[in-house]
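Engineer: Quick one: the structure is below, questions incoming.
The values are calculated or read from the model by the stated rules, or taken from the named source; none is laboratory data. Everything numeric in this text was worked out from a predicted model, so none of it was measured. Please note: Cβ atoms are built from the backbone with ideal geometry, for glycine as well, and neighbour counts cover all protein chains shown. Please note that ligands, DNA and RNA were not included when accessible areas were found on the heavy atoms of the full protein model with its side chains. Shrake-Rupley method; radii C 1.70, N 1.55, O 1.52, S 1.80 Å.
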Amino acid sequence: MRLRTVTRTQGNNRALKEGRVTPKGFDLVFEEVPVLVDGFRRMVRGLEFDVCEMAMTTYLCAKAHGVPFTALPIFLVRGFHHGAIVCAPEAGVREPKDLEGRKVGVNRGYTVTTGVWARGVLQDEYGVDLSAVIWAPSGDEHVAEYRPPANVEPLPPGSDLAGLLATGELAAAVGVNAGPPDLLPLIPDATEAGFASLRDRGHYPVNHLVVVRDDLLAAHPGLATDVFDAFAEAKNLYVDELRRDAIEAPTPADRMYRRVMEITGADPLPYGIAPNRVVIDELIGHATRQGILDTRPEVESLFAESTVDLSA
């Protein structure tokens, strides 16, 4: 069986994509999508792939609207989002609470995972009343059926978040990838703030997981477990390289995972529900409070049944 698969090459899946790890009973035929979020959209709207990396809140929203794929607890990407919020010096935003009563841009859709986690940080660590902020996404949502809450006011198509920050129309923005060099992070020393959050409250966000089409899971009862095992084997090779400091040209992600390992003394990329239940619950809570989910799902209901007790 050959499964059309989309996942961005990174340390924890590199051995799988390079063929050093061979799945049992099937082949993963990898397709490269230059802009990964386009792959998310194609999967959500057209089920174009058999196995696909997916942003976690995109998955939560898609699952709530009946898209027929199901996640495996393979958490490919993690990271901190304290540095995702920027503002212009002249915006008069001295602290996060100053965003209340103002309009804040969001790169792409309101439901993007970075935005959800960044808003969660503002609420949990800085006491921002998220309902008192107007959130202004610059694009539409992957899940076309989703309807945002009343304090979400999409910007006109083609809007430039950096330009709107410069003119003062936006007080801040989440996820701006490029812009004038004078844009400032809202949270000072954001990198260290993220690691402090990990130390102080165990905050360690999950960003991406893996989904498989439901028809394939139904037709092949052992598929979910076999896919999990293949990704886990590749990840364990990567974590061993991190432990031995054996990566010749480390990426920013490699360095972040090394730092997490130093802080926690544990695997920085645990797979499975059990070692990630707290952070999954945290994200579900944010998505519910932020109006992305109408009801709070049980964690186990989000994952293929044969994988709920797996860990790696």
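Engineer: Can you tell me, using C-alpha contacts under 8 Å and at least 6 residues apart, the relative contact order of region 195-288 as a whole percent?
Structural biologist: RCO, region 195-288: 32 percent.
Engineer: Classify the chain: rounded, prolate or oblate, from the alpha-carbon gyration tensor (a ≥ b ≥ c, eigenvalue square roots; a/c under 1.5 rounded; otherwise prolate if a/b is larger than b/c)?
Structural biologist: Because a/c hits 1.5 or more and a/b exceeds b/c, the chain counts as prolate.
Engineer: A further question on this structure: Can you give the calculated 222 nm mean residue ellipticity of the chain, where each DSSP H run of n ≥ 4 adds -39,500 (n - 2.57) and the sum is split over every residue, rounded to the nearest 500 deg cm²/dmol? Display every interim value, and only then the final one.
Structural biologist: Numbers: 10 runs with 110 residues, N = 312.
So the helix-based figure for the chain works out to -10500 deg cm²/dmol.
Engineer: Loop-only check: which GluC sites (Glu not before Pro) in region 206-312 are DSSP coil with at most 16 other Cβ within 10 angstrom?
Structural biologist: E248, E298
Engineer: Rounded to the nearest percent, how much of the accessible area of the chain (1.4 Å probe, protein heavy atoms only) is carbon and sulfur?
Structural biologist: Carbon and sulfur together cover 50 percent of it.
Engineer: Antiparallel DSSP bridges in the chain: what percent, to the nearest 5?
Structural biologist: Here the antiparallel bridges make up roughly 50 percent for the chain.
Engineer: Can you list the lysines whose alpha carbon is less than 28 Å from that of K24, not counting same-chain residues fewer than 8 positions off?
Structural biologist: Correct list for K24: K63, K235.
Engineer: Sort out for me the Cα centre separation of region 229-259 from region 1-24, rounded to whole Å.
Structural biologist: Centre-to-centre distance over Cα atoms comes out at 15 Å.
Engineer: A follow-up question, please. Can you give the accessible area per residue of region 164-312, in Å², using a 1.4 Å probe?
Structural biologist: Averaged over the residues of region 164-312, the accessible area is 47 Å².
Engineer: Compare R78, R119, R243 in a GNM of the chain, Cα atoms joined below 10 Å, and give the one with the largest fluctuation.
Structural biologist: Maximum among the listed residues: R243.
Engineer: Next up: Roll a 1.4 Å probe over the protein chains and send me the accessible area per residue for region 1-94 in Å².
Structural biologist: Solvent-accessible surface per residue comes out at 39 Å².
Engineer: Could you grab the relative contact order for the chain? Cα pairs under 8 Å, six or more apart, rounded to a whole percent.
Structural biologist: 26
Engineer: Right, something else. Using the Cα gyration tensor of region 111-169, with a ≥ b ≥ c the square roots of its eigenvalues, what is the shape: rounded (a/c below 1.5), prolate (a/b larger than b/c) or oblate (neither)?
Structural biologist: Oblate, because a/c is 1.5 or more while a/b does not exceed b/c.
Engineer: Among the aspartates and glutamates, select those whose C-alpha is under 18 Å from the C-alpha of K17, and discard any that sit fewer than 8 residues away in the same chain.
Structural biologist: In chain and number order, the partners are D27, E31, E32, D50, E53, D226, D229, E233, D240, E241, D254.
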